[in-house]
Amino acid sequence: MHRLFDTGTIEAVRRGLWSVETLSRCIVEASSDCIEVLDPQGNLQFANPTALQQLRSCDTAENEGEPWSLSWPEEARAAVLAGLEAVRETGVARFSHWRPGIFGEARYWDVALSRMLDDDGGPIGLLAVSRDITASAKTQADHELRSRELSHRLKNVFALVNGLVTLSARDIPVVQPYARTLRDRFTSLGRALEYLHASPQDKAAPRPAQTLQALLRALLMPYDGVGSAHRRIRFFGGADVPIRDTALTSLALIIHELATNAVKYGALSGDTGTVSLSCRRYDKSISLIWCERGGPPIAQPPEHAGFGATLVQRSVGGQLGGKIAYHWWPEGLRVVISIPIDLLKQTEAT
C-alpha cells in the first residue's frame with residue numbers, strides 16, 4: 001500500500017498495481033462521509049469505517065439485514081421512508097434530519113440517496129451518503145432565533161407607534177385621517193414581518209419557501225372580498241422567485257398603497273370591481289402588473305401625486321432599483337412595476 005502511494009495513485013492504476021476494486025474500496029474507507037449500502041428493500045448490507053465510528057457501535061456483520069429506517073429516530077422515520085421510496089422510483093433522493101450518534105448525541109445529517117445498478121441496468125441496491133452538517137444547522141437555528149427575536153421587537157415597536165399615533169390624534173379631528181393612514185402603513189409592514197417568520201403548521205416540516213408570489217398573496221389577502229363577495233383580488237401566476245429579506249418592506253409598502261387607493265378611489269371602492277395581479281419575467285427583470293377593472297371611470301390622471309404615490313415611487317426606484325409606470329385608462333388604472341432580478345431575488349450568497 002505504501003509503495004502505491006509513493007508511486008502515485010494514477011500511475012499505480014496505469015501500471016496495474018491498483019485494481020479498480022482496490023481503488024473503490026480505499027475511496028469508500030477513506031471518505032469522511034458516512035457511507036451505507038442497502039439492499040433494494042432498504043436493509044443494511046455495508047457501512048464504511050466512518051459510519052461505523054459515528055453511527056454504529058459494532059461492525060457491519062452484526063447490523064446486516066437491519067432495516068435502515070430503524071436506525072433513525074421515530075420523528076425522522078417519515079422523511080427516511082419517503083426518501084427510500086423516491087430513490088427507488090427516480091434513482092436519486094435527498095433529505096436532511098437529526099440522527100443520534102453512537103453516544104446518543106444528536107447530529108444533523110444531509111443524506112443523498114442513489115440507486116445502484118448492475119451491468120444490465122437492474123437495481124442491486126441503494127447507496128446512502130450522509131454528511132454531518134450539524135454546525136451549519138446550529139448556525140442557521142441561531143440566526144433564525146435572532147431573526148425571530150428582532151421580528152418580535154419590531155412588531156412591538158409598530159404596535160407602540162400605532163398606539164402613540166392614535167393617542168396623539170384622539171383629540172385633534174383634523175389629523176385623524178392622516179393618523180389612520182400612518183397606522184395602516186405600519187400594519188402593512190407588520191404583515192410582511194408575519195409572512196417572513198411564519199411557522200409551518202407541521203413543526204417537523206421544512207419552512208415554506210419565501211417567494212414573490214407567496215408574499216403578494218399574503219399582503220393582499222385582507223383586501224380580497226372586502227365588504228362584498230364580488231370584490232376580489234385575482235392572481236394570474238407567472239414569474240416567481242425567492243425574494244431577499246431586504247425587499248419585503250419595500251414590497252409591503254408598495255402593495256399597501258396600491259390596494260388602499262383601489263379601496264378608496266378605484267376598483268375596490270364599488271361592488272363589482274376587481275384587481276388582477278400578474279408577474280412576468282424578462283431577461284434581467286420581473287414586472288409586476290397591477291390592473292383594476294369595474295371601478296369608477298377615470299376621466300383624467302390626477303394632477304398631483306400624493307404622499308402615497310411618492311412613497312411608492314421612492315420605494316421602487318430607491319430600495320428596489322426599479323421603475324414604475326401608471327396608465328390611467330378610462331376603464332381602470334394599470335400599474336407596471338419593473339424590478340431588477342438581482343435586487344429582488346434571494347440567492348445562496350444571501
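The values are calculated or read from the model by the stated rules, or taken from the named source; none is laboratory data. Quick caveat: nothing in here was measured; it's all calculated off a predicted structure. Every residue, glycine among them, receives a Cβ derived from its backbone with ideal geometry; neighbour counts consider all protein chains shown. Please note that ligands, DNA and RNA were not included when accessible areas were found on the heavy atoms of the full protein model with its side chains. Shrake-Rupley method; radii C 1.70, N 1.55, O 1.52, S 1.80 Å.
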Approximate spin-label separation Asp342-Asp120, in nm, with each point projected 7 Å along Cα-to-Cβ | 5.4
Place a +1 charge on the Cβ of each Lys and Arg in the range 273-326 and a -1 charge on the Cβ of each Asp and Glu, then give the dipole magnitude about the Cα centre in debye, rounded to the nearest 20.
-> 240
The answer for the net charge of residues other than Pro340 whose Cβ lies under 15 angstrom from its Cβ, with Lys and Arg +1 and Asp and Glu -1, is +4
Expected field for Cys291, accessible surface area in Å² at 1.4 Å probe radius, rounded to 10, holds 20
Heavy atoms only, probe 1.4 Å: what % of the accessible area of the range 18-122 goes to carbon and sulfur, would you let me know?
-> 53
Roll a 1.4 Å probe over the protein heavy atoms and report the accessible area of Thr249 in Å², nearest 10.
-> 70
With every protein chain left in place, what is the accessible area of Glu331 in Å² (1.4 Å probe, nearest 10)?
-> 90
Order Lys138, Lys284, most accessible first, counting only protein heavy atoms with a 1.4 angstrom probe.
-> Lys284, Lys138
Once you have the Cα-Cα distance between Asp245 and Val161, take 0.36 nm times their residue separation minus that, and quote the gain in nm to one decimal.
-> 28.0 nm
Out of Tyr326, Pro297, Cys279 - ranked by how far each Cα lies towards the positive end of the dipole of the range 259-328, with unit charges on the beta-carbon of charged residues - the top one is Cys279
Heavy-atom accessible area ranking, 1.4 Å probe, most first, across Thr274, Thr90 = Thr90, Thr274
Keeping every protein chain in place, order Val28, Val92, Val316 by accessible area at 1.4 Å, biggest value first, i.e. largest first.
-> Val92, Val28, Val316
Multiply the residue separation of Ala325 and Cys26 by 0.36 nm, subtract the distance between their alpha-carbon atoms, and state the gained length in nm to one decimal.
-> 101.3 nm
Rounded if a/c is under 1.5, else prolate if a/b beats b/c, else oblate: with a ≥ b ≥ c from the C-alpha gyration tensor eigenvalues square-rooted, which is the range 39-108?
-> oblate
